[in-house]
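The values are calculated or read from the model by the stated rules, or taken from the named source; none is laboratory data. On a predicted model such as this, the values are computed, not experimentally measured, just so you know. As a convention, Cβ positions derive from the backbone with ideal geometry for all residues, glycine included, and neighbour counts pool all protein chains shown. Ligands, DNA and RNA are excluded from the accessible area calculation, which covers all protein heavy atoms including side chains. Shrake-Rupley method; radii C 1.70, N 1.55, O 1.52, S 1.80 Å.
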Amino acid sequence: MPGTPAVPIRGNRFCIVGGASLVGSATAGELLDHGAAEVVLFDNFAFGSDAAIAHLKDHPRLRLIRGDVMRIADLLRATEGMAGVLQLAAYMTLSMDRDPWGGLDVNIRGVQNALEACRANKVGKVVFASSNATYGYGPGVAGELVEDTPFHSAGAPPAAILYGASKIIGEQLCRDAFRKWGQDYVVLRYSTVYGERQHYRAANALYIIETLEKVRRGEPPEVFGDGSETKHFVYVGDLARANRMAFESAATDVAVNTSGPAPTTTLELVQLVTELAGGGLAPRFVGNEPGKVRLTSGGAFRIAHEAAFQAIGWKPEVDMREGLRRLIAWRDSNEGKAA
Ligand SMILES: NC(=O)c1ccc[n+]([C@@H]2O[C@H](COP(=O)([O-])OP(=O)(O)OC[C@H]3O[C@@H](n4cnc5c(N)ncnc54)[C@H](O)[C@@H]3O)[C@@H](O)[C@H]2O)c1
């Protein structure tokens, strides 16, 4: 649609910055399936892996560029001729805990570099992967989290605050680019992602993967505290669809939540993973291990995704039972064992 911020997928070229990733690999498949002329995966493989994109590597319309978001020349090369850019490259909380400055560089300067490259190459639309970490963590986070819920930081681990704050800054850099040079963009605030090609880098998704591994080893899975802590996940295939729809929609200059159908508690989650893994021992209730980064909130919460429907027509389709079934099937397949 010329003259509107909508970028059709069919026939257009897209670059996924940080593409050798959980979300990148799923989104590349989604864009290719919807007729993208080319999808470029740009990554320095700091965290991403060949295994994450092995299922795509022989696709005739997929191209891999090894490059670093800290080097604008790399980004200028990768974004040339692109109709849309999905900006994923980031450090999440656990990586931020290990290397705060590395994370702040990538999550802030890296985003600005990507936006500058899009400006130079006249890229139609940027979709930026933000996070529900923009609402913060700790005792202030409870109830319905909507897009204007403020950031809570009191009582949260420093790395989680640095991560959430870096995503807030990334969002504002997008807004700034819209105001200064009319760069169309959509910010999607992902909740915790899970699904095929699950990695160990997201603190909340570790509940799933650690439970699965313990059940498989015949050990009791662990539940933190009394298990009533809320988590709100989103299935990676639903997010890939959200990324595609953000490009296709006429929405611009907007930030919306993309969360799964409903929140869960850690106890429900551990019980469901145990059941889907074929059954196992009853869970063991544990306290915090010193030095381990835990993301806690003040009480039950739900990350509202209704604004995403208004803005880009998206709502989640895959519930936790089905999404976990797919994750476990992938882990049990040869592909999952290689990852
Ligand atoms: N996974 C989640 O639970 C979750 C939740 C909310 C938001 N997000 C956001 O979604 C995005 C994707 O998440 P994911 O789980 O797929 O992440 P991931 O860790 O799998 O992917 C991030 C990718 O960025 C790449 N990268 C890091 N530094 C780079 C650099 N300097 N240059 C080029 N590439 C670099 C990594 O190698 C990796 O492939 C991230 O921005 C993340 O903050 C993720």
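Within 21 Å of the chain's Cα centre (by Cα) and either in contact (Cβ under 8 Å) with a residue 40 or more places away in the chain or open to solvent by 40 Å² or more (accessible area, probe 1.4 Å) (or both): which single residue out of ALA6, ALA28, ALA37, ALA51 fits that description?
The match here is ALA51.
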Just checking, which of GLY155, GLY182, GLY138 is out of contact with any strand residue (DSSP E or B) (no Cβ under 9 Å at 6 or more places or on another chain), more than 10 Å from the ligand (Cβ to nearest atom) and small (Gly, Ala, Ser)?
-> GLY182
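Say whether the condition of being within 16 Å of the chain's Cα centre (by Cα) and assigned to a helix (DSSP H, G or I) is met by at least one residue in the stretch 226-235.
Taking the stretch 226-235 first, the residues within 16 Å of the chain's Cα centre (by Cα) are 231-235.
Now restrict to residues that are assigned to a helix (DSSP H, G or I): none.
No: the stretch 226-235 contains no residue that is within 16 Å of the chain's Cα centre (by Cα) and assigned to a helix (DSSP H, G or I).
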Within the stretch 103-127, restricting to residues that are within 8 Å of the ligand (Cβ to nearest atom) and not aliphatic (A, V, I, L, M), the one that is surrounded by the most Cβ atoms within 10 Å (Cβ to Cβ) is GLY110
Kindly indicate the residue of the stretch 205-223 that is open to solvent by 20 Å² or more (accessible area, probe 1.4 Å) and in contact with a strand residue (DSSP E or B) (Cβ under 6 Å, 6 or more places away or on another chain) and also modelled with the highest pLDDT among those meeting that condition.
-> PRO220
Failed item in (1) surrounded by 18 or more Cβ atoms within 10 Å (Cβ to Cβ); (2) more than 22 Å from GLU144 (Cβ to Cβ); (3) of a type in the set (A, V, I, L, M), with ALA242 passing the rest = (2)
Which of the residues that make up the stretch 66-86 are in contact (Cβ under 8 Å) with a residue 40 or more places away in the chain and open to solvent by less than 40 Å² (accessible area, probe 1.4 Å)?
-> VAL69, LEU75, ALA78, THR79, MET82, ALA83, GLY84, VAL85, LEU86
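Can you tell me which residue within the stretch 282-326, out of those that are among the aliphatic types (A, V, I, L, M), in a loop (DSSP other than H, G, I, E, B) and modelled with pLDDT of 90 or more, is nearest to ARG241 (Cα to Cα)? If you could, list the steps in order and put the result at the bottom.
Our first condition is that a residue be among the aliphatic types (A, V, I, L, M); within the stretch 282-326, this holds for 282, 286, 293, 295, 300, 303-304, 307-308, 311-312, 318, 320, 324.
Going one step further and asking which of them are in a loop (DSSP other than H, G, I, E, B), we end up with 282, 293, 295, 300, 304, 318.
Filter once more, so that each one left must be modelled with pLDDT of 90 or more: 282, 304, 318.
Working: ALA282: 36, ALA304: 18, VAL318: 11 Å.
Among those residues, the one meeting the criterion is VAL318.
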May I ask you to list pairs of residues, at least six apart or on different chains, whose Cβ atoms are under 8 Å apart, with the first in the stretch 198-214 being without any contact (Cβ under 8 Å) to a residue 12 or more places away in the chain and the second being outside any helix (DSSP H, G or I)?
-> LEU206/TYR200; ILE209/GLN198; ILE209/TYR200
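Got a number for residues in the stretch 251-281 being part of a strand (DSSP E or B) and either closer than 27 Å to LYS125 by Cβ or open to solvent by 30 Å² or more (accessible area, probe 1.4 Å) (or both)?
Total meeting the criteria: 6.
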Quick one: how many residues across the stretch 158-179 are touching a strand residue (DSSP E or B) at 6+ places or on another chain (Cβ under 6 Å) and of a type in the set (Lys, Arg)?
-> 1
